[in-house]
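Take a look at the structure below.
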Amino acid sequence: MTTIDTVVVGAGHAGLAVSRLLTDAGREHVVLDRGRIANRWRTERWDSLHLLTPSWMTRLPGWSYTGSDPDGYLSVGSFVGYLEAYAASFGAPVVDGATVHEVAAVPGASPARRYRVVTSRGTWHARHVVIATGPHGTPNVPTGLGGLDTSRVDLLTSNNYRNPARLAAGGVLVVGASASGLQIADELSRAGRDVTIAVGRHTRMPRRHRGLDIFWWLESTGRLARTIDDVPDPLAARGETSLQLVGRNDPERATQDLDLGRLQARGVRLVGRVEAIEGRTARLRDDLAGTVGAADAALHRFLDSLDRFVDRAGLGHHLWDAPRPRPVAVGPAPERLDLRAEGIGTVLVAAGYRPHHPWLRLPITDADGTIRQRRGVTPAEGVYVVGQRFQHRRDSGYIDGARHDAHAIVGHLLASSGSATPEPVGAGRREPAA
């Protein structure tokens, strides 16, 4: 058993950002991970995946990208190497292979031993605990899919997908049309698979607008810095779907948008949301046209706002004129799919994630498992969370946004224990060119 000031649970980008700030403040701490640094990126991402954000946005406290392609998109392997180099740069005290079994309060203990963190590699007592396990808890599998005959059709979630060759023979029904669902459907289609995509609520977005990456616009117009206090419905804001984007470093396709219209033009069939699957028959909602129309309308409202920003700033003569993305035209969609008759061998679910903290034995979660917090500070004294979707800023769930929340919680942690709050850490020291 070890007594330590702070335990950080999770050695992804958010946990390492916290570790860097604690290291700079001279605070004793340990970073625990069930695998290795960037474990989810190593074990729960498909082979061809690249980040959706351009490399210039891969910023962490005291660290930023300095490679030759700031407007490109890091592959999973490159990003894992980026985080490994970051951890090595300040000697992050990471303990690998430490699966957390319990985080609980110690009744009657002194403040220095307030919490007990039990893991597969020992037990720590700590004054502070930082939960940095990220927004991806456990895959969300709609309850209606429970009736699928899995003896004949494979059921797979996106975190277990690697590449087309590893799927069962036959066509694929992809459930979900946000970033992961669209990218996987695109890859499967290019590999020659027959693909049907069940389209749910989604956020359509062009990769570029008027010559600039969409994340340049989101940052420059202040949208990524918008806080949860600025939105009328925080619950809806935290439930926003991921952007329909793809990051590619393929010169032939790097600037192409990825949207439902392009997939449909290549033969991918669009259908409404899956209501339920019974045996090998999928019942579908008659909502495809409405869902696609709502996403197209929201896209054009967003692009209108960007163009107004250009006009106010007098930037029009510096930027390209860009044609608007075409509306996605959809025809009648079936209300049922006979998976056997359609030759579908896999139902691949890309419907997001839900919170999952079975080891957290503290009264700080809501009924759905969400950790209650305000700017990362939870109701349990000395317990913090970082890296959640829209935790405080809209970019909290992105790699780049974690630095802001990490600074806020470390500042609170230091102030609450009588230490000086650190100055904001920028991108002073940089990683080697990737």
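The values are calculated or read from the model by the stated rules, or taken from the named source; none is laboratory data. On a predicted model such as this, the values are computed, not experimentally measured, just so you know. Neighbour counts run over all protein chains shown; Cβ positions are idealised from the backbone, glycine included. Each accessible area value is taken on the protein alone, full model and side chains, heavy atoms only, with ligands, DNA and RNA left out. Shrake-Rupley method; radii C 1.70, N 1.55, O 1.52, S 1.80 Å.
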> Condition test on residue 64, is it under 27 Å from residue 245 (Cβ atoms), touching a residue at least 40 places away in the same chain (Cβ under 8 Å), among the small types (Gly, Ala, Ser) and open to solvent by 30 Å² or more (accessible area, probe 1.4 Å)?
Replying inline: no
> When you look at residue 73, is it open to solvent by less than 50 Å² (accessible area, probe 1.4 Å), over 18 Å from residue 2 (Cβ atoms), outside any helix (DSSP H, G or I) and touching a His at 6+ places or on another chain (Cβ under 6 Å), yes or no?
Replying inline: yes
> Out of segment 201-244, which residues are under 21 Å from residue 327 (Cβ atoms), aliphatic (A, V, I, L, M) and either in a helix (DSSP H, G or I) or modelled with pLDDT under 95 (or both)?
Replying inline: 214
>> What's the number of the only condition in (1) in contact (Cβ under 8 Å) with a residue 40 or more places away in the chain; (2) open to solvent by less than 80 Å² (accessible area, probe 1.4 Å); (3) within 20 Å of residue 403 (Cα to Cα) that residue 238 fails to meet?
In response: (2)
> Among 329, 351, which is touching a strand residue (DSSP E or B) at 6+ places or on another chain (Cβ under 8 Å), part of a loop (DSSP other than H, G, I, E, B) and either touching a residue at least 40 places away in the same chain (Cβ under 8 Å) or of a type in the set (Ser, Thr, Tyr) (or both)?
Replying inline: 351
>> Quick check on my filter: what residues within segment 187-199 are surrounded by fewer than 22 Cβ atoms within 10 Å (Cβ to Cβ) and within 30 Å of residue 301 (Cα to Cα)?
In response: 187
> If you check 45, 27, which single one turns out to be among the basic types (Lys, Arg), closer than 25 Å to residue 208 by Cα, assigned to a loop (DSSP other than H, G, I, E, B) and modelled with pLDDT of 95 or more?
Replying inline: 45
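Please verify whether residue 306 is assigned to a loop (DSSP other than H, G, I, E, B) and surrounded by 17 or more Cβ atoms within 10 Å (Cβ to Cβ), treating the condition exactly as stated.
no
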>> Can you tell me how many residues within segment 361-382 are open to solvent by 20 Å² or more (accessible area, probe 1.4 Å) and not in a loop (DSSP other than H, G, I, E, B)?
In response: 4
>> Filter segment 401-421 down to the residues that are part of a loop (DSSP other than H, G, I, E, B) and crowded, with 22+ Cβ neighbours inside 10 Å and list them by number.
In response: 401
> Of the residues in segment 115-134, how many are touching a helix residue (DSSP H, G or I) at 6+ places or on another chain (Cβ under 9 Å), open to solvent by 30 Å² or more (accessible area, probe 1.4 Å) and over 15 Å from residue 360 (Cβ atoms)?
Replying inline: 1
>> I'm trying to understand the selection: among the residues of segment 153-180, which are over 19 Å from the mean Cα position of the chain (by Cα), open to solvent by 20 Å² or more (accessible area, probe 1.4 Å) and not hydrophobic (A, V, I, L, M, F, W, C)?
In response: 154, 163, 164, 166, 170
> Which condition breaks for residue 291 when tested against (1) under 18 Å from residue 201 (Cβ atoms); (2) among the β-branched types (Val, Ile, Thr); (3) part of a loop (DSSP other than H, G, I, E, B)?
Replying inline: (3)
>> Looking at the structure I just gave you, is residue 17 under 15 Å from residue 134 (Cβ atoms) and assigned to a loop (DSSP other than H, G, I, E, B)?
In response: no
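Take residue 52 and tell me if it is of a type in the set (A, V, I, L, M), in contact with a His (Cβ under 8 Å, 6 or more places away or on another chain) and at pLDDT 95 or above.
no
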>> Being open to solvent by 60 Å² or more (accessible area, probe 1.4 Å) and small (Gly, Ala, Ser) is the filter here; which residues of segment 83-109 pass it?
In response: 88, 108
